[in-house]
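The values are calculated or read from the model by the stated rules, or taken from the named source; none is laboratory data. Note that this is a predicted model, so its numbers are computed, not measured. Positions of Cβ are generated from backbone atoms using ideal geometry, with glycine treated the same way; all protein chains shown enter the neighbour counts. Remember, those area values only see protein heavy atoms, side chains included, never the ligands or the DNA or RNA. Shrake-Rupley method; radii C 1.70, N 1.55, O 1.52, S 1.80 Å.
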Amino acid sequence: MRSIYRILDADFNRAREALRVLEDLARFHLEDARASGALKEARHALDVQARPHAREFLGARDSEGDPGREKDVPVRAPRGMGEVAAANFKRAREALRSIEELARGRWAGMAREAHRLRYVLYELEKRFAPARMRLAEARLYVLLDPEVTGRPLPRVAEEAARGGADVLQLRQKPVPDVGLARAIRAAAPGALFIVNDRPDVALASGADGVHVGRGDLPVREVRRLGVGIVGATTHSLAEARRAVAEGADYISVGPMYPTALKPGLAARGFSYLAAARRLGVPVFCIGGITARTVRPEMGRVAVCQAVTAAADPEAAARALRRRLISGR
């Protein structure tokens with residue numbers, strides 16, 4: 001039995017350590033309160049299973065005598081947050097599988113819980129998809145609207161991305177053109193690409209997601225279509241709460257300042273920005289933001305005319321990003 005306790009001790013430690021890394025990534029990188037909470041619950045569920053055997057686990061532990069101790073190190077460091085997440089999901093699942101196999105026939109409750117938690121992780125891993133990991137790092141979001149520039153939008157998209165735009169959105173009314181969407185996707189492959197309003201166009205063009213406003217399909221319905229990232233426009237804290245409750249991956253708040261694109265809306269973004277950030281998803285400030293009005297405390301911003309209508313979109317995007325990050 002000592003060897004079984006020794007293995008279980010190692011596996012419980014591996015699983016809990018991996019879950020803690022994932023919980024921190026969800027909380028501080030993805031800003032995903034839902035995933036962070038679920039990972040915390042999983043970690044606590046493991047503690048409940050390990051607690052009755054704590055004395056036996058500790059008595060069987062022999063870290064100094066572990067023949068694999070020196071080899072239990074990564075061959076190379078992960079290259080980014082996405083690889084850190086993938087490595088820790090793999091680590092946790094493997095440890096849980098080992099717990100399940102060793103506990104079967106001896107501790108049925110422990111085996112069932114390890115099995116359940118493995119499937120919880122399979123589902124949670126979707127929330128760490130590469131596009132969502134990149135969204136968490138995004139600072140500058142540029143809306144591409146053919147009504148504010150006469151230049152080809154794919155060219156504008158390419159230049160904006162070179163200047164530091166992390167996310168590009170095709171904002172074309174009344175219906176975004178699928179061919180144009182595909183051309184923008186191809187012109188700036190390094191940026192996340194979002195289509196406004198239309199999940200069908202997003203799916204047909206290979207976009208990373210869709211953004212919906214108050215008059216579009218509800219976030220909950222869009223989420224079911226499998227479009228990837230789902231963003232939502234909000235103009236109040238109540239709207240922000242509703243969007244997040246329905247499953248929005250990010251929200252915009254605003255307008256921050258009066259804007260010609262939404263002339264009927266009064267500036268209101270600063271009034272609920274702090275509260276919106278506590279909802280646990282990335283928040284982009286929008287509305288009237290330019291290189292003169294952007295402020296570092298905004299954190300993330302979405303702009304249209306300030307970049308898309310600029311004579312030099314690359315320089316405009318670079319100036320916005322520099323002032324957003326450094327204030328200069």
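Take Val294 and tell me if it is among the β-branched types (Val, Ile, Thr) and either under 15 Å from Ala165 (Cα atoms) or touching a Lys or Arg at 6+ places or on another chain (Cβ under 6 Å) (or both).
Considered against the rule, which asks whether it is among the β-branched types (Val, Ile, Thr) and either under 15 Å from Ala165 (Cα atoms) or touching a Lys or Arg at 6+ places or on another chain (Cβ under 6 Å) (or both), Val294 comes out as yes.
Restricting to segment 104-120, and then to whatever is of a type in the set (Gly, Ala, Ser) and over 14 Å from Ala45 (Cβ atoms), can you tell me which residue is modelled with the highest pLDDT?
Per the criteria, the residue is Ala108.
For Val148, state whether it is closer than 15 Å to Cys304 by Cβ and at pLDDT below 95.
Details: closer than 15 Å to Cys304 by Cβ: yes; at pLDDT below 95: yes.
Yes; evaluated as a whole, the condition is true for this residue.
Could you tell me whether segment 125-133 includes any residue that is without any contact (Cβ under 8 Å) to a residue 12 or more places away in the chain, under 24 Å from the mean Cα position of the chain (by Cα), assigned to a helix (DSSP H, G or I) and surrounded by fewer than 20 Cβ atoms within 10 Å (Cβ to Cβ)?
Yes: one or more hits.
Filtering segment 227-251 down to residues that are touching a residue at least 12 places away in the same chain (Cβ under 8 Å) and small (Gly, Ala, Ser), which residue is farthest from Pro176 (Cα to Cα)?
Taking the candidates together, the pick is Ser236.
So which residues in segment 226-246 are touching a helix residue (DSSP H, G or I) at 6+ places or on another chain (Cβ under 7 Å) and more than 19 Å from Glu137 (Cα to Cα)?
Hits for segment 226-246 are Val227, Thr234, Ser236, Leu237, Ala240, Ala243, Glu246.
Quick check on my filter: what residues within segment 301-321 are in a helix (DSSP H, G or I) and either touching a residue at least 24 places away in the same chain (Cβ under 8 Å) or among the polar types (S, T, N, Q) (or both)?
Gln305, Val307, Thr308, Pro313, Glu314, Ala315, Ala316, Ala317, Arg318, Ala319, Leu320, Arg321
Only one of (1) open to solvent by 20 Å² or more (accessible area, probe 1.4 Å); (2) under 25 Å from Val212 (Cβ atoms); (3) touching a residue at least 40 places away in the same chain (Cβ under 8 Å) fails for Met298. Which number is that?
It fails just one condition, (1).
Contact list please: Cβ distance under 8 Å, first residue in segment 261-288 and within 14 Å of Glu239 (Cβ to Cβ) and modelled with pLDDT under 85, second residue open to solvent by 60 Å² or more (accessible area, probe 1.4 Å) and among the acidic types (Asp, Glu), pairs at least six apart or on different chains.
none
Hey, among Glu123, Glu101, which residue is at pLDDT 95 or above, more than 21 Å from Gly80 (Cα to Cα) and of a type in the set (Asp, Glu)? Break it down into steps so the answer makes sense when it comes.
On the way: Glu123 fails: at pLDDT 95 or above.
None of the others qualify; the one that does is Glu101.
In segment 13-25, how many are in contact with a Leu (Cβ under 6 Å, 6 or more places away or on another chain) and buried (at least 19 other Cβ atoms within 10 Å of the Cβ)?
Applying the first criterion (in contact with a Leu (Cβ under 6 Å, 6 or more places away or on another chain)) to segment 13-25 yields 15-16, 19, 22-23.
Checking which are buried (at least 19 other Cβ atoms within 10 Å of the Cβ) leaves us with 15, 19, 22-23.
Here the count works out to 4.
Of the conditions (1) among the aliphatic types (A, V, I, L, M); (2) open to solvent by 10 Å² or more (accessible area, probe 1.4 Å); (3) touching a helix residue (DSSP H, G or I) at 6+ places or on another chain (Cβ under 8 Å), Leu144 clears all except one; give me its number.
The number of the failed condition is (2).
What number goes with the only condition from (1) at pLDDT 95 or above; (2) within 26 Å of the chain's Cα centre (by Cα); (3) aliphatic (A, V, I, L, M) that Ala310 does not pass?
Status for Ala310: all satisfied but (2).
Which members of segment 26-46 meet the condition of being open to solvent by less than 20 Å² (accessible area, probe 1.4 Å), of a type outside the set (Gly, Ala, Ser) and within 30 Å of Ala243 (Cα to Cα)?
Quick first cut of segment 26-46, residues open to solvent by less than 20 Å² (accessible area, probe 1.4 Å) only: 26, 30, 32, 35-36, 39, 42, 45-46.
Filter once more, so that each one left must be of a type outside the set (Gly, Ala, Ser): 30, 32, 39, 46.
If the condition is that a residue be open to solvent by less than 20 Å² (accessible area, probe 1.4 Å), of a type outside the set (Gly, Ala, Ser) and within 30 Å of Ala243 (Cα to Cα), then Leu30, Asp32, Leu39 are the ones that fit.
Within segment 274-281, is there a residue that is surrounded by 20 or more Cβ atoms within 10 Å (Cβ to Cβ), on the phi > 0 side of the Ramachandran plot and not hydroxyl-bearing (Ser, Thr, Tyr)?
Checked against the condition, which is being surrounded by 20 or more Cβ atoms within 10 Å (Cβ to Cβ), on the phi > 0 side of the Ramachandran plot and not hydroxyl-bearing (Ser, Thr, Tyr), segment 274-281 yields no hits at all.
I'd like the full set of residues that are buried (at least 23 other Cβ atoms within 10 Å of the Cβ) and out of contact with any Leu (no Cβ under 7 Å at 6 or more places or on another chain), limited to segment 308-321. Walk me through how you get there before you give the answer.
Going through segment 308-321, the residues buried (at least 23 other Cβ atoms within 10 Å of the Cβ) turn out to be 308, 310, 313, 316-317, 320.
The answer is Ala310, Pro313, Ala316.
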